[in-house]
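Student: Encoded as structure tokens, here's the structure I'll be asking about.
The values are calculated or read from the model by the stated rules, or taken from the named source; none is laboratory data. Because the structure is predicted, anything quoted here is derived from the model rather than measured. Here the Cβ positions follow ideal geometry from the backbone for every residue, glycine too, while neighbour counts run over all protein chains shown.
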Amino acid sequence: MSTAANLIAVLLVVALTVAVGAYGLRARSTPDFYVASRTVSPLRNASAVSGEYLSAASYLGIAGLLVVYGSTMLWYGIGYTAGYLVLLVLVAAPLRRSGAYTVSDFAEARLGSLGVRRTATAFVVLIGWLYQVPQLQGAGLALHAAVGAPAWTGAVLVTAVVLVSVVAGGMRSVTLVQAVQFWVKLAALAVPAVALLLVWQGVWHPSGSPPAAPAPAAGPEPGQGGQALYTVYSLMVATFLGAMGLPHVIARFYTNPDGRAARRTTVGVLGLLGAFYLLPELYGGLGRLYAPGLASADRADAVVLLLPGRLVPGTGGQLLTALVVAGAFAAFLSTCSGLALSVAAVLSQDLLGGDVRGFRRASALAVLAPCAIALLLSESGVSVAHEIGLIFSVAASTFCPLLVLGIWWRRLTPAGAVAGMLVGGGLSVTAMTVTLLEAAGPGWTGVLLAGPAAWSVPAAFLTMVGVSLATPGRIPAGTSVMLARLHLPEALDADTAHRSAATDDRSSRDRVRPSRDGHH
């Protein structure tokens, strides 16, 4: 019964994804495939953003980390949510006003440099592929735990479904799929959570007798002193600033009709994520009480999948487990869809002509490459949530400085942008690689490499600012026009914005020219 119910749940989610994705067959034009013709309402977009953002780390990983390490891991859920507050304040509306399709488009439009565009494209592809690998590994783990299938089948199944959705209709198709899948995930965690709370409080006795006495707390709390404090601060930097650097998240803001809708979308996301992240913490807390045997790093990600069966024996527990499994696959599918879409968009524009045909060809590469990597790599001992936290560090160290300084600092130059992304990305990717290979060793070296954001993000910002200040003559000529476009309301007459920007450029030249001539 249990295996059959889990298999039916997975197949239902797959069928729902394909059926909803059929809506995308209406997509015909290039804007349909890239930005859903910029017609997505704030509520639907907020649901879609939440759907693609709540990945394997959120659905499975956070609860597992809480079981193994305790309360310090609560910062994952807080940080993932707070990142959207930073995005709302600093990025959402100006990014939408840029009129770009991708972050590479924004980088080139802001800095007028093909080199900056190519660097941004390389990091979009890198982050997109890195982020997909743990999703596919999580799918394999979930399918193995649910029905006993080999781990590779989960990765192949998710890859096939995502490829169909993305190729069929691009952003138009994926938006509706992700919006529906968010509500599937929320229900799939919330309904079993209510049942588990009733059992915990003794209100419901599914076995006919009161629940067993809670076991001692499972697993140790994190280390004491400076190392633990550093881990928390680095995690906060990564999650607070990493959200704005995730290509699949940034792409969502190009689909809003205007900047006001982009802000409303972000507010909606904050509310939806705040509600969702109460649930993994609940599973983690109950897991420490009732599932101490899962308190090891190699089994932690299975806590959410196995806990309902531990507390609710019999048919009721099997049905709750099937519901959780369905939500897990919705998480893998929605996140992989968004990542594949963002990678396909930049590959298509930079390598394959940028039309619908090029987009579809790029989609195959965007999905199949990370699947191959996931199948080739042996399972890491690092938790899914920790692994994705490292990827957040890469995003925070590359695109966060580019977006913040590109939107708010007129003196940013192409050389500064490229140098900052290379330094931040190089440091964070190196730290991530050493950590995943478990080659860091104990002590402060291992702690610093396991949480690189606290030093790689400042290094990226300082490099970007320092190199820009050292190359003042390379500030793009149209900087004031572009900044006016980013910050002025869409309703303002475009000619007024251009006249104001042109005046500002002339004034800047007049202020600079005397000093160049040696006069004061």
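Student: Can you pull out the residues in segment 100-130 that are over 22 Å from Ala374 (Cα atoms) and of a type in the set (S, T, N, Q)?
Tutor: Those that are over 22 Å from Ala374 (Cα atoms) and of a type in the set (S, T, N, Q): Thr102, Ser104, Ser113, Thr119.
Student: Just checking, does segment 304-315 include any residue being at pLDDT 90 or above, touching a Leu at 6+ places or on another chain (Cβ under 9 Å) and crowded, with 18+ Cβ neighbours inside 10 Å? Write out each step before concluding.
Tutor: So in segment 304-315, the residues at pLDDT 90 or above come out as none.
Checking segment 304-315: not a single residue is at pLDDT 90 or above, touching a Leu at 6+ places or on another chain (Cβ under 9 Å) and crowded, with 18+ Cβ neighbours inside 10 Å.
Student: Which of the residues belonging to segment 217-264 are over 14 Å from Gly83 (Cβ atoms), at pLDDT 85 or above and of a type in the set (Val, Ile, Thr)?
Tutor: Across segment 217-264, the qualifying residues are Thr231, Val232.
Student: Do any helices (runs of 4 or more DSSP H) lying entirely in segment 384-453 carry at least 2 residues that are surrounded by fewer than 19 Cβ atoms within 10 Å (Cβ to Cβ), in contact with a Phe, Trp or Tyr (Cβ under 6 Å, 6 or more places away or on another chain) and of a type outside the set (Val, Ile, Thr), and which ones are they?
Tutor: On the way: elements: 384-408, 414-436, 443-450.
Per the criteria, no element qualifies.
Student: Output the qualifying pairs, or none if there are none: Cβ atoms under 8 angstrom, residues six or more apart or on different chains, first residue in segment 430-446 and in contact (Cβ under 8 Å) with a residue 24 or more places away in the chain, second residue assigned to a loop (DSSP other than H, G, I, E, B) and surrounded by fewer than 13 Cβ atoms within 10 Å (Cβ to Cβ).
Tutor: So the pair list comes out as Glu438/Gly381.
Student: Here's something else I'd like to know. Run Ala149 past the list (1) under 30 Å from Val304 (Cα atoms); (2) over 21 Å from the mean Cα position of the chain (by Cα); (3) of a type in the set (A, V, I, L, M); (4) assigned to a helix (DSSP H, G or I) and report the number of the one that doesn't hold.
Tutor: Failed condition: (4).
Student: Among residues belonging to segment 199-215 that are at pLDDT 80 or above and surrounded by 15 or more Cβ atoms within 10 Å (Cβ to Cβ), point out the one that is farthest from Leu289 (Cα to Cα).
Tutor: Applying the filter and picking the extreme gives Val199.
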